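First the structure, in the form of structure tokens, and then the observations on it.
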Amino acid sequence: MPPRISPLRDAIEHVVSKTDKTSKLEVKYINAVKGRGVFAKSSICKGDFLVEYRGDMINEAESQRRRNIYHPSCTVFMFDFKWKGKLWCIDASREDGSFGRLVNDDHRHPNCKMKKIDVDGKPHLCLFALNDIKEGEEIVYDYGGDDYPWRTQTTSATSHAVVCDSDLPQPSQAQTSDSPGPDYSPEQVSSFSSL
């Protein structure tokens, strides 16, 4: 058996190649409230890299401009974070087939954590396993904040689906710390949040 690749090196390889771990992860439809989610196809060890939150990296001004023209259901795919003293955003609203944008929120029992890593001088937001994850388990993390509307909805709630295409973005999460490195965990705040 080949030696286990370090989680950071695994993350960097996937970031550079702009690929997802399709041998370990799959996307499945859950229900009308949650939509799709990402699930483990095989067991995953605590600390392992799972997926990058990919999209357009934009500055604060462009982020605000897009939020003003996007449908509110699309702004949930916008992830704000600080990098070298400035506010940036990963806009993953465009349906591009990447898995990271489909990982759902679970503030009670997250099994992974968002960390910022530096690859060639640029920040990348990557999810790492907080604990061992079993085959078939949904990959989830805590978006932060406390007033996401879906946290109070039930599966019997009526859902109004809105398609977000390349012209429209989605989820809004904000990173407030400026700490660099792979141990960074951004606090995420939705555009619906009062923070």
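The values are calculated or read from the model by the stated rules, or taken from the named source; none is laboratory data. A quick note: this is a predicted structure, and the numbers were derived from the prediction, not measured. All Cβ positions, even for glycine, are placed from backbone atoms using ideal geometry, and neighbour counts span all protein chains on display.
Considering (1) aliphatic (A, V, I, L, M); (2) crowded, with 23+ Cβ neighbours inside 10 Å; (3) touching a residue at least 60 places away in the same chain (Cβ under 8 Å), the lone condition that residue 90 does not fulfil carries the number (3). Would you confirm whether any residue within the range 68-75 is touching a strand residue (DSSP E or B) at 6+ places or on another chain (Cβ under 9 Å), modelled with pLDDT under 95, crowded, with 20+ Cβ neighbours inside 10 Å and in a loop (DSSP other than H, G, I, E, B)? There is at least one residue in the range 68-75 that is touching a strand residue (DSSP E or B) at 6+ places or on another chain (Cβ under 9 Å), modelled with pLDDT under 95, crowded, with 20+ Cβ neighbours inside 10 Å and in a loop (DSSP other than H, G, I, E, B).
When residue 16 is tested against (1) surrounded by 13 or more Cβ atoms within 10 Å (Cβ to Cβ); (2) in contact (Cβ under 8 Å) with a residue 60 or more places away in the chain; (3) more than 18 Å from residue 135 (Cβ to Cβ), exactly one condition is not met: (1). Screening residue 3 on (1) assigned to a helix (DSSP H, G or I); (2) farther than 15 Å from residue 127 by Cβ shows it passes everything except condition (1).
Across the range 1-49, the qualifying residues are those that are aromatic (Phe, Trp, Tyr) and within 16 Å of the chain's Cα centre (by Cα), and the one among them that is farthest from residue 139 (Cα to Cα) is 49. All told, residue 52 meets the bar of being among the charged types (D, E, K, R) and touching a helix residue (DSSP H, G or I) at 6+ places or on another chain (Cβ under 6 Å).
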